[in-house]
Amino acid sequence: MKRRQGKIGNAVCHVYLLILTSIAVFPLLWILISSIKGKGELTGNPTGFLPKTVTLDYFEHVIHDLGFITNIKNSIIISLITTVIAITIASMAAYGIVRFFPRVGAIMSRFLVTTYIFPPILLAIPYSIVMAKLGLTNTRVGLIIVYLSFSIPYAVWLLVGFFKSVPIGIEEAARIDGANKIMVFGKVVLPLVAPGIVATAIYTFINAWNEFLYSLILINDTEKMTVAVALRSLDGAEILDWGDMMAASALVVIPSIIFFCLIQNKIAGGLSEGAVK
């Protein structure tokens, strides 16, 4: 009787999860399918799901004629550099807070989170003035610096909790075996907190990839524009081509999915590396 109830419960849970997954995936699937539909299908039959003819004309037009591939390169460069720098600085800062300045660090980590109290639009003018005086407006470096000012505090706050979960005994055992502080941090501690670093990296990358406000304010050159602003410029055109919009949206979403798929394997791998044998 209990086995039967357990099977029924599992079946209900699986059906429920499948329904939620379908609801979550449907918008992305709709964008991808709409981007390969033939000319006139989106306007002629907006509710039609499956395409009558499959074509890549919209992608060719967006990539070659509209130069969207340049915007994708800009976003990839900016997002990756922001992620690498933010994770590197945040990892060392979080470890130092946990191991060397626990009391002061706890206050500092709370203070860092308060930077997210201020809405981004409130800091737009000060950032614009500072970047203008530094001569970094309309540059990728200036945009990366602005992104880091938001990414690093939150990344530090997230990683502090993961570093606290590492037992001090593991580090002491490594020190007894002859490892110095740098070796302990790089070869023992970092593998143990790899899941947290990966999760923080994904969050940082996606935030930098999707950011719109500061990219719109600080970047004026179309050759340096990110995908978020370039996608918005399609919506502001005199004649909106929904096929181009869907193809551009697909190109914006796909890199984030690829980045997540490539990095998610490190989540499970980091659980076993660096453990005491």
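Among the residues of region 163-178, write down those that are surrounded by 13 or more Cβ atoms within 10 Å (Cβ to Cβ) and either modelled with pLDDT under 85 or aliphatic (A, V, I, L, M) (or both).
Lys164, Val166, Ile170, Glu171, Ala173, Ala174, Arg175 - these are the residues of region 163-178 that are surrounded by 13 or more Cβ atoms within 10 Å (Cβ to Cβ) and either modelled with pLDDT under 85 or aliphatic (A, V, I, L, M) (or both).
Tell me the residue from Ala90, Ala94 that is more than 28 Å from Pro255 (Cα to Cα), surrounded by 16 or more Cβ atoms within 10 Å (Cβ to Cβ) and either at pLDDT 80 or above or of a type outside the set (A, V, I, L, M) (or both), please.
Ala94
Within region 215-238, identify whether any single residue is open to solvent by less than 40 Å² (accessible area, probe 1.4 Å), out of contact with any strand residue (DSSP E or B) (no Cβ under 9 Å at 6 or more places or on another chain) and farther than 19 Å from Val62 by Cβ, and answer yes or no.
For region 215-238, residues open to solvent by less than 40 Å² (accessible area, probe 1.4 Å), out of contact with any strand residue (DSSP E or B) (no Cβ under 9 Å at 6 or more places or on another chain) and farther than 19 Å from Val62 by Cβ: present.
Going through region 179-200 one residue at a time, which ones are open to solvent by 50 Å² or more (accessible area, probe 1.4 Å) and not hydrophobic (A, V, I, L, M, F, W, C)?
The answer is Asn180, Lys181, Lys187.
Within region 29-38, does at least one residue satisfy the condition of being open to solvent by less than 80 Å² (accessible area, probe 1.4 Å), of a type in the set (S, T, N, Q) and under 30 Å from Thr200 (Cβ atoms)?
no
Which ones in region 156-194 are within 26 Å of Thr204 (Cβ to Cβ), small (Gly, Ala, Ser) and in a helix (DSSP H, G or I)?
Gly161, Gly186, Ala194
What residue, among those in region 124-139 that are β-branched (Val, Ile, Thr) and in a helix (DSSP H, G or I), is most open to solvent (accessible area, probe 1.4 Å)?
Per the stated criteria, the residue is Ile125.
The values are calculated or read from the model by the stated rules, or taken from the named source; none is laboratory data. These numbers were taken from a predicted model, which means no experiment stands behind them. Cβ: placed from backbone, ideal geometry, glycine included. Neighbour counts: every protein chain shown. Side chains included, ligands, DNA and RNA excluded: accessible areas come from the protein's heavy atoms. Shrake-Rupley method; radii C 1.70, N 1.55, O 1.52, S 1.80 Å.
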